[in-house]
Amino acid sequence: MPAPEASPRVHVIGAGIIGACCAWWLRREGFDVTLIEKDLPGDGASLGNAGNIGLASVPPLNMPGMVRKVPSMLLDPMHAFTVRWRYLPKAIPWFIRFAMNTRPASVEAISDARAALLSHAGDAFDTLLGEIGHTEMITPTGLIQAFESENGIAKSQYALNLRRNRGVRVEEMTGDQLRELEPALSDNIKGGVWYPDVRLCINPQRMTKLIAEAFVAAGGKLVAATVKGFDVGHDGPRQIITDRGVIDCDRVVLAAGAWSRPLARELGCDVPLEAERGYHAMIADPGVTLKIPIAASERNVSLTPMEHGLRLTTTSEFAGIDAKPRHDRALRIIKGSQGILRDFRMDITSQWMGARPSTPDSLPVIGRSPRFRNVLLAFGHGHLGVTFGAVTGRIVSQLARDTAPNFDISAYRPDRDYIAGHLPPSPHA
């Protein structure tokens, strides 16, 4: 009698929200999965993000007219966008591609690609969290985009129409209407936009850990190690080289977030990836109860009610992945948001900085290495790592099974040009 066939073996590198979701979906599909992480699951960018499941986040970061605003943005000490001057020469190739993607036709096409992935993001989380028994981690709060200026909504119409044209529910409201939804908003808010379909993860770090724990409970293996590189043969990687020894491998999923680029290069794909650093401050007792997350666009701050306090997030900093944090600048911007809420105490209990893995076209990298069939890449989700976690994991598991996903994922392929040249013209352009 022949021996039973062994389960296909897969090693997932990185246990942030993307890697944890990939590992869980792969294990669910019957693979023999090992998850490799240098820290603890969820302790990277997944620890500190704003927690929004941004189902309305259709517009890319690259918007028409943005390039001409860059000088004033860089000189404004209260603006979220900042580049450390010593790092600028290294970042120029990335920014050139980023600037090319601000053309209106590119923005429309990129918005289509983001909307396509967003349309599956909520369902994927419903399935994952339902099966592991933790649906409480994501709640249907909606999101308020609040403006202190009278013309804030009018100035945002282009981005609002990008959403509307792709089926996102957008409700423009006066300040008083917003305060009926969220009484914590101060009288400084003159108007804004309500996105009813946005959801909130009450603790992204804990959710990532719960997914990793469910993966292990289902027979997955978690290995604490730092991946240094690979022993690559003609058909792809044969071994993973770590600081704790060499690991034999059959298939590899690279989901190492902002640390993915040098590893991806070894695996046959040089992806233009930048560590876009974000900051947050936590307030355990803000003196006000916030029910709905607030995006205070004019203040460059998001305010999010978490299970362990109020989180204020800000900043898109380009400084290199290993540069020391500059909490003073982030804190200055965060303190500038104090007038958004009424009876608000800015008693900060902790601060944090983490690196988002960002591509110049605001699209993630999801797909097979163009060189090696046994390598799948899953990183580059930028500001939407938590949002895209579950759907990315599901796609990766389908590709590993040689099953076509139920929608076109060519927009996210690793070997694209990253200037929207691979995308079809948008019907909305």
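Would you say Ala45 is modelled with pLDDT under 95, within 23 Å of the chain's Cα centre (by Cα), among the aliphatic types (A, V, I, L, M) and surrounded by 23 or more Cβ atoms within 10 Å (Cβ to Cβ)?
Judged against the criteria, Ala45 is a match.
The single condition from (1) on the phi > 0 side of the Ramachandran plot; (2) part of a helix (DSSP H, G or I) that Gly219 fails is (2). Out of everything in the range 280-323 that is closer than 26 Å to Trp85 by Cα and among the acidic types (Asp, Glu), what residue ends up being surrounded by the fewest Cβ atoms within 10 Å (Cβ to Cβ)? For the range 280-323, the residue satisfying everything is Asp322. Scoring Asp361 on the criteria (1) in contact with a strand residue (DSSP E or B) (Cβ under 6 Å, 6 or more places away or on another chain); (2) among the acidic types (Asp, Glu); (3) under 24 Å from Ala109 (Cβ atoms) leaves a single failure, condition (1). Considering each residue of the range 78-85 in turn, none proves to be at negative phi, modelled with pLDDT of 95 or more and small (Gly, Ala, Ser).
Pull up the range 191-238, narrow it to residues that are aromatic (Phe, Trp, Tyr) and in contact (Cβ under 8 Å) with a residue 60 or more places away in the chain, then point me to the one that is surrounded by the fewest Cβ atoms within 10 Å (Cβ to Cβ). Walk me through it before giving the result.
The initial filter retains those residues of the range 191-238 that are aromatic (Phe, Trp, Tyr), namely 194-195, 215, 230.
Add one more test, that the residue is in contact (Cβ under 8 Å) with a residue 60 or more places away in the chain, and what stays is 195, 215.
Numbers: Tyr195: 23, Phe215: 28.
That would be Tyr195.
Looking only at the range 392-404, decide whether some residue is at negative phi and loosely packed, with under 12 Cβ neighbours inside 10 Å. Checked against the condition, which is being at negative phi and loosely packed, with under 12 Cβ neighbours inside 10 Å, the range 392-404 yields at least one hit. The C-beta contact set for the range 37-66 (first residue under 17 Å from Thr102 (Cβ atoms) and without any contact (Cβ under 8 Å) to a residue 40 or more places away in the chain, second residue buried (at least 21 other Cβ atoms within 10 Å of the Cβ) and not basic (Lys, Arg), distance under 9 angstrom, 6+ apart or interchain) comprises Met66/Phe98. From the list Ala420, Ala429, the lone residue that is modelled with pLDDT under 95, under 21 Å from Asn62 (Cα atoms) and over 17 Å from the mean Cα position of the chain (by Cα) is Ala429. Among the residues of the range 62-85, those that are part of a helix (DSSP H, G or I) and either of a type outside the set (S, T, N, Q) or touching a Gly at 6+ places or on another chain (Cβ under 8 Å) (or both) comprise Met66, Val67, Arg68, Lys69, Val70, Pro71, Met73, Leu74, Leu75.
Could you tell me whether Ala378 is surrounded by 24 or more Cβ atoms within 10 Å (Cβ to Cβ), modelled with pLDDT of 95 or more and in contact with a Cys (Cβ under 6 Å, 6 or more places away or on another chain)? Judged against the criteria, Ala378 is a match.
Filtering Ile18, Ile36, Ile13 for residues that are under 30 Å from Leu162 (Cα atoms), surrounded by 24 or more Cβ atoms within 10 Å (Cβ to Cβ) and modelled with pLDDT of 95 or more leaves a single hit, Ile18.
Residues of the range 133-158 that are more than 13 Å from Val58 (Cβ to Cβ) and assigned to a helix (DSSP H, G or I): Thr135, Glu136, Met137, Gly152, Ile153, Ala154, Lys155, Gln157. Go through the range 79-95 and give me each residue that's aliphatic (A, V, I, L, M) and either in contact with an Asp or Glu (Cβ under 6 Å, 6 or more places away or on another chain) or surrounded by 13 or more Cβ atoms within 10 Å (Cβ to Cβ) (or both). Matches in the range 79-95: Ala80, Val83, Leu88, Ala91.
The numbered conditions (1) touching a residue at least 40 places away in the same chain (Cβ under 8 Å); (2) of a type outside the set (A, V, I, L, M); (3) out of contact with any Lys or Arg (no Cβ under 9 Å at 6 or more places or on another chain) are all true for Gly354 except (3). Can you pull out the residues in the range 243-302 that are in contact (Cβ under 8 Å) with a residue 24 or more places away in the chain, among the charged types (D, E, K, R) and outside any loop (DSSP other than H, G, I, E, B)? Those that are in contact (Cβ under 8 Å) with a residue 24 or more places away in the chain, among the charged types (D, E, K, R) and outside any loop (DSSP other than H, G, I, E, B): Arg251, Glu266, Glu274, Glu276, Arg277, Glu298, Arg299.
One residue stands out in the range 344-363 among those that are more than 13 Å from Phe318 (Cβ to Cβ) and charged (D, E, K, R): the one that is nearest to the chain's Cα centre (by Cα), namely Asp361. Counting residues in the range 373-383 that are under 16 Å from Ala80 (Cβ atoms) and among the small types (Gly, Ala, Ser) gives one or more. Within the range 357-371, does at least one residue satisfy the condition of being crowded, with 24+ Cβ neighbours inside 10 Å and of a type in the set (D, E, K, R)? Yes, the range 357-371 contains at least one residue that is crowded, with 24+ Cβ neighbours inside 10 Å and of a type in the set (D, E, K, R). The listed residues are Gly42, Gly19, Gly65, Gly54, and the only one of them that is small (Gly, Ala, Ser) and farther than 30 Å from Ile138 by Cβ turns out to be Gly65.
The values are calculated or read from the model by the stated rules, or taken from the named source; none is laboratory data. All values derive from a computational prediction rather than experimental measurement. As a convention, Cβ positions derive from the backbone with ideal geometry for all residues, glycine included, and neighbour counts pool all protein chains shown.
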